[in-house]
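To keep things clear, I will list the structure first and then write my remarks on it.
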Amino acid sequence: YGGEEFVVVLPNTPMEGALKVAENIRTEIEALKIPHQASATSQWVTSSLGVADTNCSKTSNPERLLKAADTALYNAKTSGRNRIGIYYISMESLEKQQQEINLVTQLRDALRENGFCLFSQAIVPLHEGVQARLYEVLLRFRYPSGKIVSPATFLPVAERYHLMPIIDRWVVKNLLYFMSLHKIDNSHRDCIFTVNLSGASINDSHFLEFIEHQFACFEVPPQKICFEITETIAITNLDKAAKFIQSLKQVGCSFALDDFGKGMSSFSDLTNLPVDYLKINGMFIKKMEKDTVTQAIVEGIHHIGRAMNLKVIAEYIETESILNKVNSLGIDYGQGFYLDKPSALLFSV
C-alpha cells in the first residue's frame, strides 16, 4: 500500500478479533528490537496500526473502508505512535474526518512554510490617564488558494490534533521577529502586544525556556508583550496557571485573563492569579444594553478589577450605544469592530 504501510484484510472478523490481530502484530514487531536508524526519539522500530470496522451495508465499499483505516492509523500516530487507532466506520462522518485530516496536513505545511499570517486589533484606551494602547495579535491561516480564514475555522481542529503548542510558538517567534525588524522597543511606550496562549502551552514544561530564548534572540523587551489565557483554561488547573503566569511576569511580561465571567469562577479564584488585565466576556458586553442583570454583572466585575488594581477591558464593542454604556461605567479599555477592525499587523500598528 505504501513504502512503510501495509493493508491487512480480515473477512468475517469481528472488531474484537481484528484488535487481537493488530495487538499481536504490534507486540511482535516491538519484541524484535530492530534498531531505528532515522529516529531521534525512538531507539527501536515500532508500529502504529489503524483498525476500521464495516457492517458491509450497501453503502460500504473498499475505498471508504480503506480511508477509514487510514484515518485510524493517523490517529494512532498523532496520539504517540506504537499503538492502535480504532475507527468504527460511519459513512456520514467519514467525509468530515477526511476533511479534518486534509486540513491538519495543510496546517503542518503552513507551519513549515510560513503559511500563517499575523493580524492585530487595537484595544483602545477609553479615558485619560490610560496611556498604553494594546494590540491583540490574531492568527490567520492562508489556504493554498490564497484565501485567508479566521481561527474559528481551524483552531478547533488544531486543538484536537495537538498542534496548538507548535502554533503558539510560531506566533511568538514571528511576532518577536516583526518587532525586532521594525525596532519596536521600550521607546514605543504606548504599544504593547497581547498574545493568546493555549492550555497546551501552559502544560508545556519547556515553553518558558522557549520564550526566554526568543526574547534574547530578537532583543525585544519582554515588557512589550502581554500574554492572554482564558478564564476557562486558568481554572482548569488554578495552581499551575498561577505558577505559569508568575514565571512569565518574572521574565518581564504582563498578563491578561480573557473571557472573564464565562467560566463562572469565583472572585476568590481571581485573587490567586497575578494578572494585570481583566477582559470581560464579550457576551456580557453585548447583552448589557437590554438586560439590567447583565449590566450589574459587568459593573461588579469592573469594581472588583478596580479594587485589585487591574485594568479592565470590555470586548465586543460593536456599536456606538454599547461604547457609550461602557464609557459610562468607567471601564479602562474597549475592543471591538466599532473601535477597530482586525487588519494585517504591518498596517495596524
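The values are calculated or read from the model by the stated rules, or taken from the named source; none is laboratory data. If you're wondering where the values come from, they're calculated on a predicted model, not measured in any experiment. No Cβ is skipped: glycine too gets one built from the backbone with ideal geometry, and neighbour counts run over all protein chains shown.
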Exercise. Across segment 302-349, what is the number of residues that are more than 29 Å from residue 119 (Cα to Cα) and among the hydrophobic types (A, V, I, L, M, F, W, C)?
Worked result: 4
For this session: Of the conditions (1) part of a strand (DSSP E or B); (2) without any contact (Cβ under 8 Å) to a residue 12 or more places away in the chain, residue 278 clears all except one; give me its number.
Result: (2)
For this session: Please enumerate the residues belonging to segment 324-349 that are part of a helix (DSSP H, G or I) and under 17 Å from residue 301 (Cα atoms).
Result: 325, 326, 327, 328, 329
Seminar exercise, completed: Of (1) modelled with pLDDT of 95 or more; (2) part of a helix (DSSP H, G or I), residue 313 satisfies every one except (2)
For this session: Inspect segment 249-261 for any residue being among the aromatic types (Phe, Trp, Tyr), under 20 Å from the mean Cα position of the chain (by Cα) and in the same structural domain as residue 168 (by TED's automatic domain parsing) and give the result as yes or no.
Result: yes
For this session: Check off (1) crowded, with 18+ Cβ neighbours inside 10 Å; (2) in a loop (DSSP other than H, G, I, E, B) for residue 201 and give me the number that stays unchecked.
Result: (2)
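Residues are listed down the side, and each one gets a yes or a no for (1) modelled with pLDDT under 90; (2) touching a Ser or Thr at 6+ places or on another chain (Cβ under 9 Å); (3) assigned by TED's automatic domain parsing to the domain that holds residue 79; (4) surrounded by 18 or more Cβ atoms within 10 Å (Cβ to Cβ):
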| position | (1), (2), (3), (4) |
| --- | --- |
| 114 | yes, no, no, no |
| 122 | no, yes, no, yes |
| 127 | yes, no, no, no |
| 133 | yes, no, no, no |
| 156 | no, no, no, no |
| 167 | no, yes, no, yes |
| 193 | no, yes, no, yes |
For this session: Return a yes/no flag: does segment 76-88 have any residue that is out of contact with any helix residue (DSSP H, G or I) (no Cβ under 9 Å at 6 or more places or on another chain), at pLDDT 75 or above and buried (at least 16 other Cβ atoms within 10 Å of the Cβ).
Result: yes
For this session: From 247, 201, 205, 180, grab the single residue that is of a type in the set (S, T, N, Q) and within 30 Å of residue 97 (Cα to Cα).
Result: 201
For this session: Could you please let me know if residue 229 is surrounded by 20 or more Cβ atoms within 10 Å (Cβ to Cβ) and farther than 24 Å from residue 164 by Cα?
Result: no
Exercise. With respect to residue 295, is the statement that it is over 24 Å from the mean Cα position of the chain (by Cα), in the same structural domain as residue 203 (by TED's automatic domain parsing) and not in a loop (DSSP other than H, G, I, E, B) true?
Worked result: yes
For this session: Kindly indicate which of 286, 325, 311, 341 is buried (at least 16 other Cβ atoms within 10 Å of the Cβ), basic (Lys, Arg) and closer than 29 Å to residue 220 by Cβ.
Result: 311
Seminar exercise, completed: Of the residues in segment 245-262, those that are under 22 Å from residue 281 (Cα atoms) and outside any loop (DSSP other than H, G, I, E, B) number 8
Seminar exercise, completed: Filtering segment 306-319 down to residues that are among the small types (Gly, Ala, Ser) and over 26 Å from the mean Cα position of the chain (by Cα) yields 307
Exercise. Looking at residue 64, is it assigned by TED's automatic domain parsing to the domain that holds residue 133 and either modelled with pLDDT of 85 or more or part of a helix (DSSP H, G or I) (or both)?
Worked result: no
